[in-house]
1. What full-extension length gain, to one decimal in nm, is calculated for residue B:199 and residue B:4 as 0.36 nm per residue of separation minus the Cα-Cα distance?
2. To the nearest 10 degrees, how steeply does helix B:2-35 sit against the main Cα axis of chain B, on a 0 to 90 scale?
3. Treat each spin label as a single point 7 Å out from the Cα along the C-beta direction, and report the residue B:210 to residue B:16 distance in nm.
4. Calculate the FRET efficiency for residue A:59 and residue B:189 from the Cβ-Cβ distance with a Förster distance of 60 Å, rounded to the nearest 0.05.
5. Can you tell me the length gained on complete extension of the stretch residue A:226 to residue A:31, counting 0.36 nm per residue apart and subtracting the Cα distance?
6. Cα-Cα pairs above 24 Å in the range A:5-233: how many percent?
7. May I ask you to list the residues of the range B:26-45 whose amide nitrogen lies under 15 Å from a point 7 Å from Cα along the Cα→beta-carbon direction of residue B:258?
8. Working only with C-alpha atoms, what are the Rg and Dmax values of the range A:83-130, expressed in angstrom?
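Rule-based calculations on the coordinates, nothing more; no lab input. Not measured: the values here are computed from a predicted model. Note that we place each Cβ from the backbone using ideal geometry, even for glycine, and neighbour counts take in every protein chain shown.
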């Protein structure tokens, strides 16, 4: 591939408590693109983000970000790399004891020597980008779910990261907030010249804005392609997921015993 | 039958290994906290903020409890001393009981249930809501930024609270003994002054309260940091903080007392 690759998974496996979570993942994320990792809950999507951020180490294989093997870095190198990353957590993960303003200013204060007046301008610009400049003084408990997610987004882009990671950015949002967050993610990616990885199971919303999709099932990438290719896929797993069908390769039922036996009918018949 | 014994033995082995593992993990956590304390001192405002939450906000319960414990000591002490005709020694009894034992121990127990439980719940919830994870991803070390300032705040607050507890207790003893019952005021204070030794009694009490401060804060922070990120996990960790640190205070008190006051 001639493209400039920012994040690469090379045959990555990850085992948690003897349970294999990821099995031989190979994935390339080109610079400047918005790439989505999709799959049902528990398929190992969030684990992939944690591997990229160096919060977990792969059991085997390599995760390479910007030319550096993440798990070979010492803690200083890891922190240096993380400064170039932004992450939006599932429910925002805002610091509940700090106002929206202070949340966005947090990283600037921790990592730079900028004077407070400059920080103020930067924070206001970031909050303006997510449409919440007027809410700078509110505490996280005073924000709605969608607003909190937007403040968290402003916080994640505080230091203009080269790589943005979104962990279920659409979870639990109303349709309007959903659209707003989706549009913001795309717009910020292009404005910042960043690369984005979106982990989600919200198919319809994410297919509107992503460039490329990896579909993960039980720790294996079973399908990949552009949003359009995914929509038209005839592969049963992907088809069931994209169109939200109740039954298919992913069964409705959890593995179980025979129904009559659980109802005690066998003994009755006997 | 042998199978059941096997299961029992395995259970015991498992819990012993688990306990040792947790102790090792907690020790490593403690070492990391101390090693990464630089930020807390460079940016002392971080620690000051925590001193406010764990120290200043514990003042009311500490002061009120100190006063009541002192007043009870006044009554009980007077009753016993009166039998031997040495009511004047009431000041000595009240002061020594407080600075040697009750001050550090009761203040420590109150500190564990007031500030320790709050620390555990706060850290546990920060973990459950991914705030700790967010710090890591922002390249901010949560041990240096969140844990260490709270640790030093606890270590600094605890001796001060114990001292205030003892002071209020002495005042409570004075209120009951001198003002209410009518023990001679001069004897009350002068006997106290001559009998309480600065190094033997007061310093040893201060050492105890510093040790309790370290133990309670360490346990509280570790339990919070180690709590499973669920409602049940955090509530269990909060309970464990209060139970473990109370037991630790009493056990440490016994050991310290045995070392400090042997031969006296």
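1. Taking 0.36 nm per residue and subtracting the Cα distance, the gain is 64.5 nm.
2. Relative to chain B, helix B:2-35 is tipped by roughly 80 degrees.
3. Those two pseudo-labels are separated by 3.7 nm.
4. 0.25
5. 68.6 nm
6. Everything past 24 Å amounts to 43 percent.
7. No residue passes the distance filter.
8. Gyration radius and largest Cα-Cα distance of the range A:83-130: 11.1, 32 Å.
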